[in-house]
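The next block holds one structure in the form of structure tokens; read it before the comments.
The values are calculated or read from the model by the stated rules, or taken from the named source; none is laboratory data. This one's a predicted model, so the numbers in the text were calculated from it and none came from an experiment. Backbone-built Cβ (ideal geometry, glycine too); neighbour counts: all protein chains shown.
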Amino acid sequence: MKKRRSFLMMLLSIFFILSSLAMGAKDVLVVAQGADAKTLDPHMTNDQPSSRVSSQIYDRLVEQDLNMNIVPGLAEKWKQEDDLTTVFYLRKGVKFHNGEELKASDVKFTLDRMKASAQVSHIIGAIDKVVVVDDYTVKVITEKPFGALTSHLAHTATSIMNEKAVKAAGDKYGQQPVGTGPYKFSEWQAGDKIILVANKDYFKGEAPTKTVIFRNVPEGTNRTIGLETGEIDIAYDIEPIDKEMVQKHKKLDYVEEPSLSMSYIGFNTTKKPLNDPKVRQAICYAIDIDSLIDAVYQGGAVEANSPIGPKVFGYNKDAKAYKYDPEKAKAILKEAGYTKPIKIKLWTNDNPVRRDICTIVQDQLKQVGIDVEIETLEWGAYLDGTARGEHDMFILGWVSVTGDADYGLYPLFHSSAKGGAGNRSFYSNEKVDKLLDEGKNSVDPEARKKAYAEVQNIVQEDVPIFTMVYTSQNIAKQKNVKGFHMHPAGHHKVYGTVKE
């Protein structure tokens, strides 16, 4: 194992050195993550690897600070005229990367385009219309009262785009993004790296680091090797197996913090036998979460009892948690009429943590009479396939990016969000739909909490998804990298990060 690691270190060192020649060490920040972006068009995807890159390129009307407070973004201020109308006042003189000035018409174009997107329309589904008052004033009018409006407008999918640039690029816009953010898109070598350069005209001031390279390094061990050789400055999502090594390394910092993320196993509720809630419940009882936390997460996660965690508004601490009980799992299957082994496919992408979870789950389900075949897909194909409902079971994560139960629950369980919008279990429950609509369309915090508490009780009984754990987030970086902070939602911004 040590010989193999040394050989890998040598190969990767050569690779990173060759690929970074002629770049000024202090002016170039290399960030490694476990998957390539799918697209840099915020309306065409809602995955984390893409958001982590696009959040450097774009700004939003409002932003969330590191404590999840709503703060001014492209809108320097806003006011609520009535229960349905919010007026946003734009900063003047903000330039897009193509030199065009930000206007209210770009905001209207962006939000109208977003509402037409199958992937992300649910995030601003409450918006009825966007009205341009003048070049720097825009009204956002909701169909019904919507308590989480500004939280949703801080989502990366609401990144403001330039109408002219989008129309000029057409279908190629996802590879030619134009925003107002601190970094401009420069180059994308698919499967390898995305290069961004500092926007000299950024309204908050030019970024101190002139070039940022996002590297696609799927294997966690390879990310830590890149850190050791010094050719990676920041690595996202350190694998549990490498955690101790990074913590002990003299030249590296390891940072782990609570997040808004959870990890779940989803069930295609339209396919037999997973269309039977009893089978889904049996699977939940058959999985030993403590073993996953110890063996896979190395303590970097806690057991979940709901699809949303304690940091999210509306969390129900009393929702049902499934405790490991294989005998109960067998009894439920027998009661449901399943006396012979069940065969099910479990999809995952090429992520070491998820692969390890799948292997353990495969073994544990076999103990109760469920034969699981693991199928590994490339990230893009995985997202497309689960959006189309081609899977049986799958493993994914969800981040309640807005810190509000509406975002943590509506996309995963509302029947209108089936497929790529988030509801990849294709779950449909009229009562859940009604409660989710009530929570969305209220500005009364207590009424919203009550509706969301009931939703959590129902879905924990129906289990269209089995939320296993709330995961911590982590990064490792070179000690000379300063000014970098993780965002609770996971789409960390590198603006202000420097190498000393």
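Which residues, counting only those in region 331-350, are more than 12 Å from VAL279 (Cβ to Cβ), at pLDDT 95 or above and touching a helix residue (DSSP H, G or I) at 6+ places or on another chain (Cβ under 9 Å)?
ALA331, LEU346, TRP347, THR348
Please count how many residues of region 228-240 are modelled with pLDDT of 90 or more and not in a strand (DSSP E or B).
In the first step, residues of region 228-240 are kept if they are modelled with pLDDT of 90 or more; the result is 228-238.
After this cut, where a residue has to be not in a strand (DSSP E or B) as well, the list is 228-233, 237-238.
Final tally of qualifying residues: 8.
Taking region 473-500 as the region of interest, how many residues are part of a loop (DSSP other than H, G, I, E, B), modelled with pLDDT of 95 or more and farther than 27 Å from ILE70 by Cβ?
2
Here are the criteria: (1) more than 26 Å from MET114 (Cβ to Cβ); (2) out of contact with any strand residue (DSSP E or B) (no Cβ under 9 Å at 6 or more places or on another chain). Tell me which single one LEU436 does not satisfy.
(1)
Only one of ALA451, ALA421 is outside any helix (DSSP H, G or I) and in contact (Cβ under 8 Å) with a residue 12 or more places away in the chain. Can you tell me which?
On the way: ALA451 fails: outside any helix (DSSP H, G or I).
Selected residue: ALA421, the only one of ALA451, ALA421 that is outside any helix (DSSP H, G or I) and in contact (Cβ under 8 Å) with a residue 12 or more places away in the chain.
So, GLY205, is that one at positive phi and within 23 Å of the chain's Cα centre (by Cα) or not? Step through it out loud before you land on a result.
Details: at positive phi: yes; within 23 Å of the chain's Cα centre (by Cα): no.
Here the answer is no, as GLY205 does not meet what is asked.
Table: residues versus (1) free of Cβ contacts under 8 Å to residues at least 24 places away in the same chain; (2) among the basic types (Lys, Arg); (3) out of contact with any helix residue (DSSP H, G or I) (no Cβ under 6 Å at 6 or more places or on another chain).
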| residue | (1), (2), (3) |
| --- | --- |
| THR359 | yes, no, yes |
| GLN362 | yes, no, yes |
| LEU365 | no, no, no |
| ILE374 | no, no, no |
| ALA381 | yes, no, yes |
| ALA387 | no, no, yes |
| PHE394 | no, no, no |
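Give just the number: which of (1) outside the structural domain of TYR236 (by TED's automatic domain parsing); (2) closer than 30 Å to ILE213 by Cβ; (3) free of Cβ contacts under 8 Å to residues at least 60 places away in the same chain does LYS434 not satisfy?
LYS434 satisfies every listed condition except (2).
Kindly indicate which of LYS243, LYS272 is without any contact (Cβ under 8 Å) to a residue 60 or more places away in the chain and either charged (D, E, K, R) or assigned to a helix (DSSP H, G or I) (or both).
Details: LYS243 fails: without any contact (Cβ under 8 Å) to a residue 60 or more places away in the chain.
Within the list LYS243, LYS272, the selection yields LYS272.
Let's see how each residue does on (1) out of contact with any Ser or Thr (no Cβ under 6 Å at 6 or more places or on another chain); (2) part of a helix (DSSP H, G or I); (3) assigned by TED's automatic domain parsing to the domain that holds PRO310; (4) within 12 Å of ILE465 (Cβ to Cβ):
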| residue | (1), (2), (3), (4) |
| --- | --- |
| ASP384 | yes, yes, yes, no |
| GLU390 | yes, no, yes, no |
| PHE394 | no, no, yes, yes |
| GLY397 | no, no, yes, yes |
| VAL401 | yes, no, yes, no |
| LEU409 | yes, yes, yes, yes |
| LEU412 | yes, yes, yes, yes |
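Collect the residues in region 158-183 that are free of Cβ contacts under 8 Å to residues at least 40 places away in the same chain and either touching a His at 6+ places or on another chain (Cβ under 9 Å) or crowded, with 24+ Cβ neighbours inside 10 Å (or both), keeping them in residue-number order.
Correct list: empty.
Can you give me the ranges of the strands (runs of 3 or more DSSP E) entirely in region 98-198 with at least 3 residues that are within 30 Å of PRO218 (Cα to Cα)?
Details: elements: 127-134, 137-142, 183-189, 193-198.
Here the list reads 183-189, 193-198.
Only one residue in LYS328, LYS320, LYS340 is outside any loop (DSSP other than H, G, I, E, B), among the charged types (D, E, K, R) and not assigned by TED's automatic domain parsing to the domain that holds TYR236. Which one? Step through it out loud before you land on a result.
Details: LYS320 fails: outside any loop (DSSP other than H, G, I, E, B); LYS340 fails: outside any loop (DSSP other than H, G, I, E, B).
Criteria check complete, one pass: LYS328.
Which condition number in (1) part of a helix (DSSP H, G or I); (2) without any contact (Cβ under 8 Å) to a residue 60 or more places away in the chain; (3) not assigned by TED's automatic domain parsing to the domain that holds ASP237 is the one that SER50 fails?
(3)
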